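Take a look at the structure set out below.
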């Protein structure tokens, strides 16, 4: 009797191997893998579109105002307790507001060449989005002063007079 020779079946292609593996998985495994894939895609889309945001940074700053003690009402009448502080992003868009708060402990009176002067200190606190390349701070109508992110983290200091 003639001998029969069995031919070896060709090696499966990668696509065939994946199909065989997919068929062998249970429905539960397929749901888990499909869900995990969907979650990864959603997270990537949210990260790319910036939905998660950049986070927030609380900034504690000061404004020092120098002037004549004897005529303090005439020094800078627009700068006082409650004056608005505006923070801008690099494009000039308002991203936070706050107010000046008089700091009696840091304020000092001094005498220089027989004239009395004062250095009045105001504090302010604002919460801004972190990650900006720079931040502009405006107090009253006095113009915008720009600070780096690092300067904002350390606490920006403004001075007048």
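As a length-normalised measure over Cα pairs under 8 Å and 6 or more apart, the relative contact order of the stretch 56-160 settles at 40 percent.
The orientation-averaged shadow of the Cα convex hull for the stretch 56-160, equal to a quarter of the hull surface, comes to 6.8 nm².
Read the figures in this text as sums done on the coordinates, not as results from a lab. Remember, it's a predicted structure, so these values are computed and weren't measured experimentally.
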